[in-house]
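The values are calculated or read from the model by the stated rules, or taken from the named source; none is laboratory data. The structure presented is a predicted model; accordingly, all values stated were derived computationally and were not measured. As a convention, Cβ positions derive from the backbone with ideal geometry for all residues, glycine included, and neighbour counts pool all protein chains shown. The accessibility values were calculated without ligands, DNA or RNA, using every heavy atom of the protein model including side chains. Shrake-Rupley method; radii C 1.70, N 1.55, O 1.52, S 1.80 Å.
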Amino acid sequence: MNDFEAGRPVVLRGGTVLPMSPSGSRRVLPRTDVLVTGDRIAAVGPELEAPEDAVVIDASGGLVMPGMIDTHRHMWQTALRGYGADWTLTQYFVWFYLEHGKLFRPEDIHAGNTLAAIEALDAGVTTVVDWSHGLRTVDHADAAADALESVPGRYVLAYGNIQQPPAEWTAAPEFRDFVRRRVTGGDMLGFQIAFDVLGDPSFPERPAFEVARELGAAVTTHAGVWGATSDDGIRLMHEHGFMTPETIYVHAASLSADSYHRIAATGGSISVSTESEQSAGQGYPPTWAVRAHGIPVSLSMDTSVWWSGDLFSAMRATLGADRSREHLEAHAKGETVTHCGLRADQVVEWATRGGARALGRDDLGAVEPGRKADLVLVKNEHSPVSFPILNPFGHVAFQAQRGDVHTVIVNGRVVKHEHRLLGVDLAGARAHVERTVEHLRSTMGDAAWEKGMNPDIPSAKVLDNPYTYTDYRSDATHRL
Ligand SMILES: [Zn+2]
């Protein structure tokens, strides 16, 4: 069907390469080629010799960077894209946890996951942790895994179930059976266990941690979420010895310095979802605080029920929130920030290498020979925003957007080229999602559906203004 099917070598010619190598993330390589053979980056350098059968992609005028990595996305919820735009976290909990989450059938999980996976690839997000907490039966879990295996990206299924305590569902024989059947240690579909630690002093989550340890699976947990999880959960995990380097703490937005010390000391990482924290209410996006603790950071989008499923938005929002807080903290002391602490190259690093580090995947997140060929070419000849590229990191963080993703390569395979996805059934995904929306809407009823999407607006009075003229008309008339 196209030039890219046969596993031919690929060479990206003449782009500006952002290697994001651990040895120096600010490095930029102008007019550089990247050669891909098999599933690996074979060479990076100027005017490379490529095998005769290599497909040539003209990367001139564009930026070649590692595929981006999202460490926390509830992919099943993408079937309801944008539905919760005006929600708070409380409304989200009521809708999904208490009222309607149980309406999702396995085919609905499949529909959401498939669309989310396609959406991620399109935006240059080549690895996504599917924080899949709608798996109330193993049939749901099989549907989630089937969907992820049907789209040519790299995924980590973080298995969760909000309808049962984690100690229960992780102890179920069918869960063990799922792990035996589906967790094969393959390169394209990883596995984690996803649950939250609610701070009960008896630490009822302990058996779930023990299962994770026995299975060799990392735990990912929503930590520091205002009104839900707090310092108590972190302290309990620490005291019971379950804070480990592979643990991912999502949000970590309302924690004290004591919790950050515990995370830093045990080597875990924080997944920051700035757009989410800014509008749902978990707490202030925490990069401004965690930077001081030296805790590794990765970025995530959380859920397309509210937010955009691309990491350009995440980078932009994170820079803004961090700098905004730095200015505010200074102003509160009567001081002025003259130099930004957080730089554009740092958020690009968090969106790429930071995710690789969080997932223990040293073979991802950098454009270097020997690493896996997960690559993104940002280039858009039809866009007035595509030039001049004077500051490549600033361009990625503040200028580029998903429409500028020209080419995406995952595991050596070209999955998007000249702004078009290859080998992806978008029409099929659309039909599935339409069936899911119809199922949810008809089961809930139109009134509940509309009410869920349009929460009440708190009444707010416009303040009296002491500078308003009250009689200028009559004054003017009198003078006439
Ligand atoms: Zn989340």
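Descriptive notes on the structure:
- Average accessible surface area per residue within the chain, 1.4 Å rolling probe, Å²: 44 Å²
- Whole-Å distance, taken between Cα centres, linking segment 74-113 and segment 158-231: 20 Å
- Each Lys or Arg adds one and each Asp or Glu subtracts one; over the other residues with Cβ under 15 Å from the Cβ of Arg441, this totals -2.
- Considering segment 149-233, its Cα convex hull presents a mean projected area of 6.5 nm².
- Ordering of 450-456, 249-255 by burial proxy (mean other Cβ atoms within 10 Å per residue, highest first): 249-255, 450-456
- Fully extending the segment from Asp456 to Thr137, taken as 0.36 nm per residue of separation minus the present Cα-Cα distance, adds 111.5 nm.
- The chain: Lys pairs at Cα distance under 29 angstrom, eight or more positions apart or on different chains: 4
- Secondary-structure-derived ellipticity at 222 nm for the chain, considering helices only, amounts to -9500 deg cm²/dmol, per-run term -39500 (n - 2.57) for DSSP H runs with n ≥ 4.
- In the chain, taking the dipole from charged Cβ atoms about the Cα centre, the farthest positive-side position among Ala208, Gly370, Pro166 is held by Gly370.
- A cut-off of 5 Å between modelled amide H atoms, ignoring neighbours fewer than 5 places along the same chain, links Gly190 with Tyr155, Val156, Leu157.
- Calculated FRET efficiency, Arg435 to Glu168, Cβ-Cβ distance, R0 = 30 Å: about 0.45 to the nearest 0.05.
- Here the 3J(HN,Hα) profile of segment 330-344, calculated from phi with Karplus coefficients 6.51, -1.76 and 1.60 at θ = phi - 60°, is 5, 4, 4, 9, x, 10, 10, 7, 9, 9, 5, x, 9, 9, 4 Hz, Gly and Pro shown as x.
- Check: segment 145-270 dipole with +1 on Lys, Arg Cβ and -1 on Asp, Glu Cβ, in debye: 260 debye
- Phi to ³J(HN,Hα) by Karplus 6.51 cos²θ - 1.76 cosθ + 1.60 over segment 366-375, Hz, x for Gly, Pro: 8, 9, 9, x, x, 7, 4, 7, 10, 9
- Taking 0.36 nm per residue of sequence separation and removing the Cα-Cα distance, the His382/Glu149 pair yields an extension gain of 80.5 nm.
- For segment 322-327, backbone phi angles converted through the Karplus equation (6.51, -1.76, 1.60; θ = phi - 60°) give residue-by-residue couplings of 5, 5, 4, 5, 4, 5 Hz, Gly and Pro being listed as x.
- Note on the chain: Kirkwood radius taken over Cα pairs, Stokes-Einstein applied at 4 °C and 1.567 mPa s, translational D equal to 55 µm² s⁻¹.
- Which of Ala292, Gly281, His382, positive extreme of dipole for the chain (C-beta unit charges): Ala292
- Between segment 324-347 and segment 1-52, the alpha-carbon center distance in angstrom: 37 Å
- Each principal axis of the Cα cloud of segment 62-159 was taken in turn, and the coordinate range along them, longest first, works out to 46, 31, 17 Å.
- The value of relative contact order for segment 155-277, using C-alpha pairs under 8 Å at least six residues apart, is 21 percent.
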